1. For the subset of the stretch A:403-429 comprising residues that are in contact with a helix residue (DSSP H, G or I) (Cβ under 7 Å, 6 or more places away or on another chain) and in a loop (DSSP other than H, G, I, E, B), which member is surrounded by the most Cβ atoms within 10 Å (Cβ to Cβ)?
2. Could you list all residues from the stretch B:53-86 that are under 16 Å from residue B:117 (Cβ atoms) and not hydrophobic (A, V, I, L, M, F, W, C)?
3. Which residue is farthest from residue A:406 (Cα to Cα), if the candidates are limited to the stretch A:362-372 and must be at the interface with chain B (Cβ under 7 Å from one of its Cβ atoms) and hydrophobic (A, V, I, L, M, F, W, C)?
4. Name the single residue that is surrounded by the most Cβ atoms within 10 Å (Cβ to Cβ) among those in the stretch B:200-242 being in a loop (DSSP other than H, G, I, E, B) and in contact with a strand residue (DSSP E or B) (Cβ under 9 Å, 6 or more places away or on another chain).
5. Which residues, counting only those in the stretch A:313-361, are crowded, with 21+ Cβ neighbours inside 10 Å, part of a helix (DSSP H, G or I) and more than 7 Å from chain B (Cβ to nearest Cβ)?
6. Regarding the stretch C:207-222, can at least one residue be identified that is away from chain B (no Cβ under 13 Å) and among the charged types (D, E, K, R)?
7. If I go through the stretch A:114-145 residue by residue, how many of them are more than 24 Å from residue A:26 (Cβ to Cβ) and either hydroxyl-bearing (Ser, Thr, Tyr) or in a helix (DSSP H, G or I) (or both)?
8. Exactly one of (1) more than 9 Å from every other protein chain (Cβ to nearest Cβ); (2) surrounded by 23 or more Cβ atoms within 10 Å (Cβ to Cβ) is unmet by residue B:274. Its number?
Amino acid sequence: MFELRKVEKNFPNVRALKAIDFEIRRGEIVGLVGENGAGKSTLMKVIYGAYQHDGGEVLIDGKAVRFENPRQAMQKGIGMVFQEQSLIPNLSVMENIFLGFEQQFVKLGVVNWKKMAAAARYQLAKVKLDIDPKTITSKLSFAQRQLVELAKVLTLEERVDGELVILLDEPTSVLAKEEVELLFKLVRELRSRAAFIFVSHRLDEVLELADRIYVMKDGEVVDHVSSAEASAENIQHKMVGRDISKEYYREEKQLAYDADRVLVELEKATLPGHYQDISFQLHAGEVLALVGTEGSGREAILRTIFGLQKLVLGTVTIKGCKVESFSAEAGVASGVGYIPRERKIEGIVGGMNVYENITLSQMSHYSRFGFLRIGDEKATARDWISKLSIKASSELADCGNLSGGNQQKVVLAKWRSGGSDIILLDHPTRGLDIGAKEDVYEMVRAMNADGVGIILIADTLEEAIGLSHTILVIKDGAIQKRFEGSPGAKPSLFDLVHYMI
Amino acid sequence: MNLHSLKKHFPWMTLVALTLFVGILDPNFLRLDNLIALAGDISTLFIMALGITFVIYIGSIDLSAQSVANMITVLATLFLAQLGWFAAPVCIAIGALFGLVSGYVSNRLKVPSFIATLAVGGIALSVGQYASGQKALYMDAGLRNEAFGWIIGTTAGLPREMIIAFVLLVVALIIERRTVLGRALQAIGAGEPAAIASGLRVNRYKMIAFAISGAFAAMAGLIFAVKLSGGSPVMANGFLLPAIVAVLVGGTPLTGGVGGVLNTFIGALIVAVIRTSMLYLNVPPTAQQIFFGLVLVGAIALTIDRSKVRTVK
Amino acid sequence: MSNLASRGDLQRWAPLLVLVALIVFFTLVNPNFLSLKNFARISISATPPLMVAIGATFIIIMGSIDLSMEGSVAVCAVIFATLFTALGGTLGGWGWVALPACLIVGAICGLVTGTVHVGLRIPSFMASLSMGFVGIGLSLMMTGGDRIRVEDPLFRSLLTQRFLGFPLMVHVAFAVLLAAWFIQRKTTLGRNFYAVGGGEELAHASGLNVRRVRIAGFALAGVFYAFGALFAVAQLGIAETATGYNFMFVSITSIVVGGTALWGGSGGVWNTLVGVLIVNVINNGMIVMGLPRYVQDGVLGLLVIIAVVLSTDRKSLAFVK
């Protein structure tokens, strides 16, 4: 009844979806799995109308349709239960359920609350949620809110003629085990009312719930199996299955690290809600990769070491000194440099030129009594522009106008010129073209050779494996497994994925 | 040359166009002595606008400047009798202190700056009313001339206030272009998250920006008090609107990050020319308020960086 | 969870507790405070600001802010008085027409402010501040700085006629408050204010026309400002530019002190009633205690800072400009 045929979606420089064939039949539960960046979320956005496909066809009951926005998709019976809460917390449950569709309860501008409450109760009964529809949404538990969202989507049943397709985006990520069981039971019962597309990075759950599973990789559907015949192992192979080129990641330049010089040490570090009991050491000349799915707690660990997030339990020791006050100033002062994922937001200051960006973290080195020595700043900038071969017209060029790779180099120059010897890389190659990526890998090796310790959150698993000496696999905020990755003895993708999901 | 790069040049082009326009209406307008008088009249307002520039530059706003200036006219008059010339640094310090409080309330206590400065302005107003006993005070002419005679009068045909304003402009320009503080404020205005992630003490610098605004408002109040030889808690009323207009038409947008004190200089001149042209066009003074209100709306709408405000509340 | 709820409940009732505590305190200091006569005095001075604050409450619930009330009140008062005088100067004759006209003028003022804010996409605090300046200028131009006297005994009976010990205007104001409550509670528009304040993007994604809700909110607020202007004129028998003076500060303070958070989505007109009473009890109490009147602005300034700080969940805020 709902079908995608050779659907394409292109963004500038990226072909996000490549000839996707996808089909869902009445009363079916279809699973969708893939690594981060495999194209799952883009595909979902096309389905529920947030993105418009620019190739192929979207068919409902054989007729081609096109959604300009989510509301149009809803009118055709396609609803989305969001991973991040999409209920307005200060409104009552019934108001949320009928938000934007209150007109049916309104006469002369006055809302008939009794009528709305009765209608809401009917919807809540569908999801077996026995609460007063007048309850303020913020007082509900996460599990209850999820059911309310489901009830909100199920109002489409009365509103549209055709069949319903409901997308569940990582619905279990905030739920406890029993709650997951309840949700699954409910979804199975609701098959009589709607078909479901279930997206999760927990493969076991997908195998349990779905009838059929689509596996995505690099914007393509690489496999399509019925879950009765599927095995977790096979799917995991399909999700990753790529060869790693040794030259690409400069493996021949990987040197052994200095095991005697510990730069950063975490002991039983815990930040409730993000990670717990994390212990590891980073040595001079080492690349330590944190591997895990989105939301596994990797970013929070990085931000804690830099000082942007405060630790609750445990200790962080930087170069032998226990960190007492967590702030970015303190982090920078002790030699930590942070290369953030949001390069244009947290990395460079657009509107400021190259030398201003490079010295931003260390203006005290270039000033006397608060007055800047601009000549020295420019000299340093010119020095690093040639060292890292930054393509900028001069040190006076606006960083906002540089290409992504060159912006990344400027951020790196900021930390390296200031003498930082602990570098935190958060998706350093995201959005860069291949040449720029290779430049980043070169720089990683060069920094290692200088005795710099690097903690890496890589864009892809291959990158993590190729670059690192040590890999920590993190799942749900805890270290699952530690791998050594000296050249020639690196773990395989499959080894990692096995512990990730 | 596209519209975006042209935008940077709008302010001075507006100034030139306006000046020519008025000059055509009345060639006397373009006489040197008239232009000097024009610049002299705007000096006090310009000094206040200079201070506000620093706050707007970091994407905040200072609505307390007028109340602080009001308060300072009263305090300056009172202190003159006891402290003589030393009243000046004391007044400036008090202004900076009020600014610092605004900065603390808005940055540490996370109260939006327009409310924080409105509230601190209320406190300044109270202090002014309390200190003055709610009446106009007058400076002793002898004392005034002894301590602050250098503020009034002319040098080489130029009004002293204008020279003071010019010196302050240079000081502000040095702060903006040549100091760590200025660079930090620039980074905060253009990209606060990146400034934080570079380890800058963002909160401290923001508080200093408010303190600068308070200090400049105090200087404006002080000069005003000396000029009029007295103080009252309503003396500087009517300053706030044109001061903010001067900053915004100069090309420092409400969202901060671009523009700066030189822009405010041009903005203040635009305000001066508009005011004068209204006299030539026989527009009643009451209509000026309406006009400046509309100019303010237009200037905000033209300069604001909408990519920085995700939802416009 | 129960801890959270109790904290929420405490925050909800805190303004009322503060009000009661203030009344007890001032009564202990000076027993004369607790008298019908003094309460009538408080209610009279609270009436115009209550009207203005109710209007602004809707805007703050949306997460926006309106700083134009001084201008709007002045324009409404001046136009009302001018029209009233021109139409014979008495409610007995055609003068009554000036009453609805005044409310319409208020709505237009709000409509203009809202349209400027939404249409030009500039933050409401600056849009409304600018339009407030324009309003003050407009009223100045109309009056030439003069006062217009409104001496019709029938109109002034709003102040002079008493019923149950309180002047007529207090009763009328209470009726307006109930109407505002009805709008807040029972109408789509009122509920939409909360939806916009609670999650603008979500509301938009659900198909709500957020822009239209915003503009309607400003227009509605304008009507309440007009009520405030009418009561202010009835109180003093004078309409002038200064009629609007100080309304901005008092009303915003009252709203936040009453527990309507500046971030939007919470609070309501009853909170505003409590807030206005707190502010006026403090003012009155200071006078009863013999403190000079001009300390008021300073006290309000401190009060607003404290109230905003207490109502802010600072963990959830990344940046405050």
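1. Among residues in the stretch A:403-429 that are in contact with a helix residue (DSSP H, G or I) (Cβ under 7 Å, 6 or more places away or on another chain) and in a loop (DSSP other than H, G, I, E, B), the one surrounded by the most Cβ atoms within 10 Å (Cβ to Cβ) is A:428.
2. Residues satisfying the conditions are B:53, B:57, B:59, B:60, B:62, B:64, B:66, B:67, B:70.
3. Only one residue fits best here, namely A:371.
4. Applying the filter and picking the extreme gives B:232.
5. A:343, A:354, A:355, A:357, A:358
6. Checking the stretch C:207-222: at least one residue is away from chain B (no Cβ under 13 Å) and among the charged types (D, E, K, R).
7. Within the stretch A:114-145, residues that are more than 24 Å from residue A:26 (Cβ to Cβ) and either hydroxyl-bearing (Ser, Thr, Tyr) or in a helix (DSSP H, G or I) (or both) number 18.
8. (2)
The values are calculated or read from the model by the stated rules, or taken from the named source; none is laboratory data. On a predicted model such as this, the values are computed, not experimentally measured, just so you know. Every residue, glycine as well, gets a Cβ built from its backbone with ideal geometry; the counts of neighbours run over all protein chains shown.
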